[in-house]
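Some notes on the structure that comes next.
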Ligand code: SF4
Ligand SMILES: [Zn+2]
């Protein structure tokens, strides 16, 4: 069982910090994107609220819910994506943080039908394989179910026509995954555009042997 | 004594028979069960009024109540509920008022006013900062509504006074008489006639007390930051720009707009009576109820040789359809005038339009003749005729007397098979959404406690593609689909009872999860969303049992034959009828009611209201579970 090195209040401040960082980087917009953190070892989760400007959340905005989405503490309405967050926590007891962001480039490449390739060490080691989940309406139990089915063994997913989901043992890890996704996607996009359709070199097979045997 | 926030904690009781006013503390047990607003009114009436009496009997009571959020900074918190036994449905009756009156009542120190008895002479009430005075209304008896307001304000000398009053129609007991405040209307179920029967012309209120809020700073911060999402609801921009009638074109595409008493699916006249056209041509100004960011309320101004200068409320969608498309009237200026007439006489636009439509259809079929109408030739698409009939209803003159009974009773008086063309459920005239275009609306009409009601559930929003994840409405419900509609309608009805218990407007579409937060921040009472939903379900059941005692039962959970057996001939719902039976079956099951539509003891126990319901039934010496009655096939 995991234990927290942070108090609940520190956890809540950490959620606000992550949200602001993602907002400043353009990975979530004023109303899109959501972040949650499980109180380690429990079935309760702090999550960002629905419908509020994401760049400037206050401590009081965060909502504590159980895995059924019932509000235990706080005044706000929990993010509409709570079913997806809690579905992940249910099937991944190792995960304590979930971030859903609207990474424009990662999402854009997926829309164009282009997979993320092993072009950098981060792509290989940090992301490994990133499944693409077919479109389901945001906030629905259907989306939650689709994500839960594909979330085992991965740390990131792409939601078609929507955005990305990143997981972590803690918030910093999940945050790193969201940023890595976008960095790899941007690098790959630049390479594709600048190379004029020529093939882009990948990290050599031998250098990613173990990873590719497991994931690709 | 409890510390109240959001609530004032005080209820006034006015007995008009002996001019006695008493002030009571609000019962926390009641608040806990049913929140306030319509919930409180439902429970009070259930406990105090025998549903079997005549609506005009002095022992009938009329409750005006506001919710814990009414008058606060919560967006759209302007609403007042009015409830009573209805002279139109002959069972449960309720209607809701926007504007400013409810806020004023709250600031005057009351959560509710219970009106009892019957005055000997015309009376009005003046409520001010915790006091209530009965005053002589003989000078204003007979006046139309806008003059009532002016007279009272000049008599009392305070322009800030808010007045809710009846017009001549309420005095003359038109069964769908409304209660008017400013230009806002509590139109449905004839509560203006209950006021009239009690010789109560108006209730004027003025309040300067502070509404207490448990955590005002947090509430302010939350609300200010929620505006971007509230205003992004699909309809918000349309409502802001064009009012509720701004949606007419889109409703028309669905085949939802009733045309010629629900017999046609296509009609060119639509383009001249829909909101955008009306606003572009006749807008005087945009208005909004207390604290509302949407502002669907429009005022019109137009000069016309027939009517002179008309200034008044721009027709809502319901008026534009019920006095427009329903009667094949495509004259927009006449609609503005008719809206004004209805509000000045004080009667419901929907019920009058539908009753007139019934008369015209029967006339064209030879079931009603010039002998009945006193020589009037009834025909479709004749604004002059409609104006004439509306005036006759307001004055209950000639054929207007029968029309003032509402289409159910009027068709019974006329007989000759005319009942078939009376479009009502439980006596309440069907509003302006054809349930063949949105089948969930059919089930909603059939099961709403006050009869055909489009507002208690607004299920068509979901059938148009909206989802409400907070209420677990995740999937797309298609409009012609039957499956799952029982659950959907029950869920939405219960939720709308919550909104109306809290004092909110349903056109300011705030997600339920946020509303739960508002309740907590305003009242300090820790009730989360599932508990609020349970309150809504209690209200549904309490009203249902009120109706069962009144003799309104599962046989009345139906629709006019036209919707059940006449497929739409053309347009967006071509070929459709409402398959009510399977939906109704699912609905009863989801609600935990038996096959006769009677709430089971288990259900009531589960809702923690079995005790109070049984004790009330005992005191009325009635056993609803012993009833022998089968579900209508
Ligand atoms: S949306 Fe319309 S009816 Fe509702 S509070 Fe605002 S102005 Fe009033
Ligand atoms: Zn999203």
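Which shape class, rounded, prolate or oblate, goes with the range B:224-287 when its Cα gyration tensor gives a ≥ b ≥ c as root eigenvalues, a/c under 1.5 marks rounded, and past that a/b bigger than b/c marks prolate? Please list the in-between numbers first.
On the way: a/c = 3.70, a/b = 1.71, b/c = 2.17.
It is oblate, given that a/c is not under 1.5 and a/b is not larger than b/c.
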Run the quick spin-label model on residue B:480 and residue B:527: label points 7 Å from Cα toward the beta carbon, then report their separation in nm to one decimal. 4.1
Report Rg/Rh for chain B, rounded to two decimals, where Rg is the Cα radius of gyration and Rh the Kirkwood radius. 0.93
Could you identify which residue out of A:19, A:76, A:192 has the top mean-square fluctuation in a GNM of chain A using Cα springs shorter than 10 Å? A:192
If B:160, A:14 are placed from fewest to most neighbouring beta carbons inside 10 Å, the sequence is B:160, A:14
Taking Cα pairs under 8 Å and at least six residues apart, what relative contact order does chain A come out at, in percent? 19
Extension reserve of the residue A:9-residue A:66 stretch, reckoned as 0.36 nm per residue once the Cα distance is removed: 18.8 nm
Residue by residue through B:223-229, how many Cβ atoms from other chains fall within 10 Å of the Cβ on average? 5
For the range B:10-206, with equal point scatterers placed on the C-alpha atoms only and solvent neglected, what are the log10 I(q)/I(0) values from the Debye formula at q = 0.15, 0.19 1/Å, to two decimals? -0.81, -1.41
Mind jotting down the distance between the C-alpha centroids of the range A:140-157 and the range B:292-306, whole Å? 51
May I ask for the distance between the Cα centers of the range B:489-536 and the range B:438-482, given as a whole number of Å? 17
On a 0 to 90 degree scale, rounded to 10, what angle separates helix A:82-91 from the longest Cα axis of chain A? 80
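Test of understanding: what is the full-extension gain from residue B:284 to residue B:377, defined as 0.36 nm times their sequence separation minus their Cα-Cα distance? Mind showing how you got there, number by number?
Values: separation 93, 0.36 × 93 = 33.48 nm, distance 3.51 nm.
Between residue B:284 and residue B:377, full extension yields 30.0 nm more.
What order do you get for B:146, B:334, B:19 when you list them from fewest to most C-beta neighbours inside 10 Å? Each step should come with its number before you reach the end.
Details: B:146 18, B:334 22, B:19 12.
So the residues, fewest neighbours to most, are B:19, B:146, B:334.
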Go ahead and set up a Gaussian network model of chain A, Cα springs under 10 Å, then flag whichever of A:114, A:16, A:47 fluctuates most. A:114
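For the range A:115-192, what does the relative contact order come out to in percent, with C-alpha contacts under 8 Å and a separation of six or more? Show your work: numbers first, answer last.
Numbers: 85 pairs, mean separation 25.5, N = 78.
The value is 33 percent.
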The range A:72-144: translational diffusion in µm²/s, Stokes-Einstein, Kirkwood Rh over Cα pairs, 4 °C, 1.567 mPa s: 89
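How long are the semi-axes of the equivalent ellipsoid of the protein assembly as shown, defined as square roots of 5 times the Cα gyration tensor eigenvalues? Whole Å, largest first. Display every interim value, and only then the final one.
Numbers: eigenvalues 538, 184, 130 Å².
Computed over the protein assembly as shown, the values are 52, 30, 26 Å.
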What does the range B:234-422 give for Rg and for Dmax, in Å, if only its C-alpha atoms count? 16.6, 52
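Per residue of A:70-82, count partner chain C-beta atoms within 10 Å of its C-beta, then hand back the mean as an integer.
On the way: counts 3, 8, 1, 1, 2, 12, 9, 15, 4, 1, 6, 1, 3.
Whole-number average of other-chain Cβ neighbours for A:70-82 is 5.
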Starting from the Cα of residue B:29, step 7 Å along the direction of its Cβ; do the same at residue A:209; then give the gap between the two resulting points in nm. 7.9
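According to the Cα gyration tensor, what semi-axes, each the square root of 5 times an eigenvalue, does the equivalent ellipsoid of the range B:319-358 have, listed from largest to smallest in whole Å? Walk me through the numbers on the way to the answer.
Details: eigenvalues 42, 34, 7 Å².
Calculated on Cα positions only, the semi-axes equal 14, 13, 6 Å.
Of all beta bridges DSSP finds with both residues in chain B, what is the antiparallel percent, to the nearest 5?
Working: 51 of 62 bridges.
The answer is about 80 percent antiparallel.
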Please compute the contact order of chain B in relative form: average sequence separation of alpha-carbon pairs under 8 Å and at least six residues apart, divided by the residue count, as a percent. 16
How many angstrom lie between the C-alpha centres of the range B:66-119 and the range B:368-404? 33
For peptide A:140-149, what's the mean number of Cβ atoms from other chains within 10 Å of each residue's Cβ? 2
Between residue B:624 and residue B:150, the two model label points (7 Å from Cα along the beta-carbon direction) sit apart by a distance in nm of 4.7
Can you sort B:158, B:557 from fewest to most other Cβ atoms within 10 Å of each residue's own Cβ? B:158, B:557
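Every number here is computed from the coordinates shown, using simple stated rules; none is lab data. For clarity, every value in this text was computed on a predicted model and none was experimentally measured. As a convention, Cβ positions derive from the backbone with ideal geometry for all residues, glycine included, and neighbour counts pool all protein chains shown.
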